[in-house]
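Worksheet for the structure shown next.
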Amino acid sequence: MDQKVKKIITKVRKGDHQAFAELVNLYKTQVYNICLRLVRIPQEAEDLAQEAFIRAYTNIDKYEIDRKFSTWLFRIATNLSIDYLRKKKPSAYLDAEIPGTDGFTMYTQLASEEPLPEDLVLEYETQEWVQREIEELPAKYRSAIVLKYIQDLSLKEISDILDIPVATVKTRIHRGREALRKRLRHV
Amino acid sequence: MACLKEMVQIMYKVLDQEATEVEEREFFDHINTCSTCREHFLELKQTESLVKGLETKEPSEGFTQAVMAKLPQPHKKSRRPAKVWMRHHPIITAAACFIILMSGYLFSLWNQDSFNAVVQGKGHVQYDGHTVIVPKGEVIKGDLIVKNGKVKIEGKVQGDVVLVNSESLLASAGHVTGDIEQVDQIMEWIWYHIKSIFTMFAAFDYEGT
Ligand SMILES: [Zn+2]
């Protein structure tokens, strides 16, 4: 796999435009899923994933060939998604506390207005719900959780992608997991 | 609930598969009796499986084509490898630039087919129409280059005499310490200059050591 990827990259660097399509095909699902789990909305995830590949192409000379290509590519995708969320802040108002309600947010209110009858929760709805709860995590916990549980990456790889020490990755996973537990415990 | 803090750390290790056998036994013994820790552990397990259970979704069918269509055009890209190559070979690049510029310069010199005489060094010459005269008693310390004319050496040239489409009316070995070079072809003309550049580099090297 690594040798194959390196061969393709060498071709791309020599100006073989079409060889890049092979790289896109190899990694599009993983890149798309990272973006999707970070931003939730499929159309936005698709745009971000495409942008990640375009950036990888235009910066292909900066990629160090002896490092893992997927790490470099996932890093671009993660950073783009997090930047996007930072600029957009879609649920900022949901997280804002309602004055005088002591920790009660719009989100908890919305959630409580939509009862989830346990026996009617379809698989699809469970997925939607879990995805929404992930989206409510602060971005730094969310990226660590997505890379660990959805991409199944090692702590070392996550540390390379996020450019933070392994110990910090661990802390973020532990805290993100605790935050999710509190949201997901009542199935 | 004195157990909590320490037990939670062991619980995380168990979840992350980093606990030792002893820690693991200690932990499972503990949750047999402590319902708080048991609940906590089961909830975390459930959280993990819910998150892992998120399906892998496929991007749209036209994804790859869409990316390819948005890439910067190949002709722009084709300049890139050259750029990279030049960055990796600065000396060859500089030398190539130098030779190209120099050839252009020399070619333009060649194309001026008017009479022209240059002393590369110290010394004075006299002119008589298109004839360059090194007067008796004059010593040229350097090279004398004459184009499209004639040269009459009555004094001395302590260097080379280069005659480009020119002829020497009077020159014996005693008058010129260097070579008398006849250059009648453009390639020779360029060659002469390139040779002198290399001689110059060699001189630098020599001085350097
Ligand atoms: Zn306990």
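Numbers at a glance
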quantity: In region B:111-156, trypsin sites (Lys or Arg not before Pro) in a DSSP loop with at most 15 other beta-carbon atoms within 10 Å; calculated: B:LYS136
quantity: More than 17 Å apart - percent of Cα-Cα pairs taken over region A:2-88; calculated: 44 percent
quantity: Label-to-label distance, nm, for residues given as B:LYS45 and B:HIS124 (7 Å Cα→Cβ offset); calculated: 10.8 nm
quantity: Computed label-point distance, nm, for sites B:GLU18 and B:SER196 using a 7 Å Cα→Cβ extension; calculated: 7.4 nm
quantity: Accessible surface buried once B binds A (1.4 Å probe; total of both sides; Å²); calculated: 3800 Å²
quantity: Alpha-carbon gyration tensor eigenvalues x 5, square-rooted, for region B:1-48, Å; calculated: 14, 14, 9
quantity: Sites A:THR171 and A:LYS7 - FRET efficiency at Förster radius 22 Å, r taken between beta-carbons, to 0.05; calculated: 0.05
quantity: Formal net charge of residues neighbouring B:VAL51 (Cβ-Cβ distance under 10 Å; K, R +1; D, E -1); calculated: +2
quantity: Two-site label geometry, B:ASN148 and A:ASP163: point separation in nm, points 7 Å out along Cα→Cβ; calculated: 6.2 nm
quantity: Backbone N within region A:128-164 under 15 Å of label point (7 Å from B:THR56 Cα along the Cβ vector); calculated: A:147-154
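The values are calculated or read from the model by the stated rules, or taken from the named source; none is laboratory data. For clarity, every value in this text was computed on a predicted model and none was experimentally measured. Positions of Cβ are generated from backbone atoms using ideal geometry, with glycine treated the same way; all protein chains shown enter the neighbour counts. Heavy atoms of the whole protein, side chains included, go into the accessibility calculation; ligands, DNA and RNA do not. Shrake-Rupley method; radii C 1.70, N 1.55, O 1.52, S 1.80 Å.
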